[in-house]
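Trainee: Got a structure for you, written out below as structure tokens; questions coming shortly.
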Amino acid sequence: VPSFLLGLGALRFGAQALCTAPARIVVPKAKMQIAHSRSSGPGGQNVNKVNTKVELRFNVRAADWLPADVKARLIDDNSNRMNKEGELIVTASESRSQSANMDSALRKVQELVDVACIPPKEREMRVGLSAVTKRQRVEDKRRTAKVKQSRSRVEY
């Protein structure tokens, strides 16, 4: 599981974080809105001159390349990364290179989509106790009551 996804509920999917289905959803770069800006951090004069930070945006609700169930999970899991217009915003500024940050941002978006394409496990809810279990419970209670009653003081 990628480290930046741990806060997204990716742990509920277990160790598997990528789609293993043969029909893996590939994020189309052409559908992304790409913006570059100046990055913070180390880099000397490079920081002040070059726009190395990459910001990728795409409207999840309008993404025709995503199935409806994946869209819903993507919106639920990443509500903190979305704006009011429904755009998912992913930034990358780890590297001093614009192309490396572009690759990093695309990889992040791909990992978010991969996590969203895994359907959550169906949990079985316990309905109640069976008749046999209820009978055993009552018998255990009677047995315990008899044991405790036998410990009481005997009057002569």
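The values are calculated or read from the model by the stated rules, or taken from the named source; none is laboratory data. As the structure is a prediction and not an experimental result, all values here were calculated from the model. We place every Cβ from the backbone using ideal geometry, glycine too, and count neighbours over all the protein chains shown. Ligands, DNA and RNA are excluded from the accessible area calculation, which covers all protein heavy atoms including side chains. Shrake-Rupley method; radii C 1.70, N 1.55, O 1.52, S 1.80 Å.
Trainee: How many residues, within region 38-47, are outside any helix (DSSP H, G or I) and open to solvent by 40 Å² or more (accessible area, probe 1.4 Å)?
Mentor: 5
Trainee: Restricting attention to region 48-84, which residues are crowded, with 16+ Cβ neighbours inside 10 Å, over 24 Å from Pro120 (Cα atoms) and among the β-branched types (Val, Ile, Thr)?
Mentor: Within region 48-84, Thr52, Val54 meet the criteria.
Trainee: Out of all the residues in region 129-140, is one or more touching a residue at least 12 places away in the same chain (Cβ under 8 Å), over 24 Å from Gly41 (Cβ atoms) and either in a loop (DSSP other than H, G, I, E, B) or open to solvent by less than 60 Å² (accessible area, probe 1.4 Å) (or both)?
Mentor: Looking through region 129-140, none of the residues is touching a residue at least 12 places away in the same chain (Cβ under 8 Å), over 24 Å from Gly41 (Cβ atoms) and either in a loop (DSSP other than H, G, I, E, B) or open to solvent by less than 60 Å² (accessible area, probe 1.4 Å) (or both).
Trainee: Quickly run through region 71-119 and pick out the residues that are under 28 Å from Asn51 (Cβ atoms), within 13 Å of the chain's Cα centre (by Cα) and part of a loop (DSSP other than H, G, I, E, B).
Mentor: Answer for region 71-119, where residues must be under 28 Å from Asn51 (Cβ atoms), within 13 Å of the chain's Cα centre (by Cα) and part of a loop (DSSP other than H, G, I, E, B): just Asn78.
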